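Novice: Okay, handing you the structure first.
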Amino acid sequence: EINPQLPLCQLASPQSQLYLLIQSSYKANVATLLNQKEKTQHEIQHFQDIKLNRHRREVHKNDQLIDLSTPEYELLILLAGHSGEVISRDDIFMELKGVEYDGQNRQIDIHISSLRAKLELDQSNPSLIKTVRSKGYLFTG
């Protein structure tokens, strides 16, 4: 007689195909859950008082949602991916626009300024996104 209160894996003997099927399915589910948790952890980054959630495409400052345009968000993702490294305008243009920097286009500077206005405590003395003269930008998060 089968007891409906018992989990299915206790109903099958360790030698049966059903037991092996349940065991392999369980292992696969656990592995999937662990991978999802690990992936989610990598999709959320913290920088000072900034939380970047790549999965939801959201940026929070002090737990408040910050409205970023698509170019601002993509620039922040790029900078955060190179945290601690100086990244040149040439590299930024090539990554985001797929073209070489012509030396005159100020779009990146405008987006940096806008990001600073939204994310920095003191825009005149930035601590998160710094300008490295004649080199590019440094994300210190």
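The values are calculated or read from the model by the stated rules, or taken from the named source; none is laboratory data. From a predicted model like this one, the values you see are computed outputs, not experimental measurements. In this analysis, Cβ positions are derived from the backbone assuming ideal geometry, glycine residues included, and neighbour counts consider all displayed protein chains. Note: areas computed on protein heavy atoms with side chains; ligands, DNA, RNA excluded. Shrake-Rupley method; radii C 1.70, N 1.55, O 1.52, S 1.80 Å.
Novice: Within the stretch 82-113, which residues are part of a helix (DSSP H, G or I), closer than 20 Å to Thr140 by Cβ and of a type outside the set (A, V, I, L, M, F, W, C)?
Specialist: Listed by number, the residues that qualify are Arg89, Asp91, Glu95, Asp109, His111, Ser113.
Novice: Out of Gln123, Gln107, Gln48, report the one residue that is open to solvent by 50 Å² or more (accessible area, probe 1.4 Å) and touching a residue at least 60 places away in the same chain (Cβ under 8 Å). If you could, list the steps in order and put the result at the bottom.
Specialist: On the way: Gln123 fails: touching a residue at least 60 places away in the same chain (Cβ under 8 Å); Gln107 fails: touching a residue at least 60 places away in the same chain (Cβ under 8 Å).
Within the list Gln123, Gln107, Gln48, the selection yields Gln48.
Novice: A further question on this structure: If I go through the stretch 55-76 residue by residue, how many of them are surrounded by 18 or more Cβ atoms within 10 Å (Cβ to Cβ) and assigned to a helix (DSSP H, G or I)?
Specialist: Here the count works out to 4.
Novice: Which of the following residues is closer than 15 Å to Asp109 by Cα and touching a strand residue (DSSP E or B) at 6+ places or on another chain (Cβ under 8 Å): Ile44, Ile92, Ile50? Don't jump to the end; show me each part of the working.
Specialist: Details: Ile44 fails: closer than 15 Å to Asp109 by Cα; Ile50 fails: closer than 15 Å to Asp109 by Cα.
Exactly one residue qualifies, and that residue is Ile92.
Novice: Taking the conditions exactly as written (closer than 23 Å to Asp49 by Cβ, open to solvent by 30 Å² or more (accessible area, probe 1.4 Å) and at pLDDT below 90), does Gly141 satisfy them or not?
Specialist: Against the criterion (closer than 23 Å to Asp49 by Cβ, open to solvent by 30 Å² or more (accessible area, probe 1.4 Å) and at pLDDT below 90), Gly141 qualifies.
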